[in-house]
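Participant: Could you have a look at this structure, given as structure tokens, before my questions?
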Amino acid sequence: MKCKGDQDMMNRLKQQLDMAALHVAAKATAPVFFGYMAIGIAFGLLLNNAGYSWVIALLMSTLVYAGAAQFIAVGFFVSDASFLEIATVTFLVNFRHMVYGLSLFSQFNLTGRLKPYMIFSLTDETYALLTGLKEPQEVDRGRFYFYISLLNHCYWIAGSVIGAVAGSFMTINTTGLDFSLTALFIVLLFEQFTSYSTKIPFAIGGACALLSLVIIGKSNMLLAAIILSIGLLLIFKGRITQHESD
């Protein structure tokens, strides 16, 4: 009886920690909710205008979950592009996620069997939260990271389906909705900037982006800026950590 009671207590504690992780993750992903709902609705409307139902929007956002690549895919569907063309462009557009993963080993290892889903569900916004948020001490960090990824995924699915369904009933002007993700990035950047005492990472990121823009040009600067930023952040990791702890 004692063993059963101890087991029940452990299960209740685990459930409480799990709910706490979900609650904290929901608060952390609130900015992403608004951004993903807006841009997801825009995607759903675009897909509907191309002649596809909400079911396709649901399947794409659930099984593909590629953000910008999904918008590109709609254009390919309309132009009857080959599978090889779609696969190649999608790979190039999302190649930066392979670079993102290099800095997420510690976070992903905490999620155990959920690690494959964490890899699949990695987006720009999820990456920003996983690397930019201060780790909560009162919750299971592995579950916290998982819920951030899961909630962001759900927001994107919901926005896509709502947009596709709405598009089948009414004509909606989507002008300006494509700025939603840019606005979301600005909000996330501001939150991170105010949360940390050291501003070295922000200076490095800004300098690398500007340098890549000048040397490579705006069309191909993103990947170069990311690689250069990660390299410099690794070099100055000790100094950044010391500044943050002071």
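Participant: Which residue, of ILE148, ILE86, is in the same structural domain as ASP18 (by TED's automatic domain parsing), surrounded by fewer than 17 Cβ atoms within 10 Å (Cβ to Cβ), β-branched (Val, Ile, Thr) and part of a helix (DSSP H, G or I)?
Facilitator: ILE86
Participant: What are the pairs with Cβ atoms under 7 angstrom where one residue, in region 55-66, is in the same structural domain as SER168 (by TED's automatic domain parsing) and the other, located anywhere, is outside any helix (DSSP H, G or I) and not β-branched (Val, Ile, Thr)? Sequence gap at least six, or different chains.
Facilitator: Going by the 7 Å Cβ cut-off, the qualifying pairs are TYR65/SER121; ALA66/ASN94.
Participant: Next question, about the same structure. Looking at region 60-80, can you tell me whether even one residue there is in a loop (DSSP other than H, G, I, E, B) and more than 26 Å from ALA183 (Cα to Cα)?
Facilitator: Yes; the residues of region 60-80 include at least one that is in a loop (DSSP other than H, G, I, E, B) and more than 26 Å from ALA183 (Cα to Cα).
Participant: Just wondering, is there one or more residues in region 161-170 that are under 19 Å from the mean Cα position of the chain (by Cα), modelled with pLDDT of 90 or more and surrounded by 15 or more Cβ atoms within 10 Å (Cβ to Cβ)?
Facilitator: Yes: one or more hits.
Participant: Now a separate question. Tell me, yes or no, whether region 71-78 has at least one residue that is on the phi < 0 side of the Ramachandran plot, among the small types (Gly, Ala, Ser) and without any contact (Cβ under 8 Å) to a residue 24 or more places away in the chain.
Facilitator: Within region 71-78, one or more residues are on the phi < 0 side of the Ramachandran plot, among the small types (Gly, Ala, Ser) and without any contact (Cβ under 8 Å) to a residue 24 or more places away in the chain.
Participant: All but one of (1) among the aliphatic types (A, V, I, L, M); (2) buried (at least 19 other Cβ atoms within 10 Å of the Cβ); (3) farther than 30 Å from GLN16 by Cα hold for ALA81; which doesn't?
Facilitator: Every condition holds for ALA81 apart from (2).
Participant: Something else about it: Based on this model, can you work out whether GLY142 counts as modelled with pLDDT of 90 or more, assigned to a helix (DSSP H, G or I), out of contact with any strand residue (DSSP E or B) (no Cβ under 8 Å at 6 or more places or on another chain) and surrounded by 13 or more Cβ atoms within 10 Å (Cβ to Cβ)?
Facilitator: Criteria met by GLY142.
Participant: Which residue pairs have Cβ atoms closer than 6 Å, lie 6 or more positions apart in sequence or on different chains, and pair a first residue in region 83-108 that is modelled with pLDDT of 75 or more with a second residue that is of a type in the set (D, E, K, R)?
Facilitator: Within 6 Å, the pairs are PHE108/LYS115.
Participant: Quick one: how many residues across region 35-63 are surrounded by fewer than 18 Cβ atoms within 10 Å (Cβ to Cβ) and modelled with pLDDT under 90?
Facilitator: So the count comes out to 3.
Conditions (1) out of contact with any helix residue (DSSP H, G or I) (no Cβ under 6 Å at 6 or more places or on another chain); (2) surrounded by 17 or more Cβ atoms within 10 Å (Cβ to Cβ), marked per residue:
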residue	(1), (2)
ILE204	no, yes
ALA207	yes, no
SER212	no, yes
GLY217	yes, no
LEU223	no, no
ILE235	yes, no
GLY238	yes, no
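The values are calculated or read from the model by the stated rules, or taken from the named source; none is laboratory data. All of these numbers come straight from a predicted model, not from anything done at the bench. When we count neighbours, we look across all protein chains shown, and the Cβ atoms used for this are built from the backbone with ideal geometry, even at glycine.
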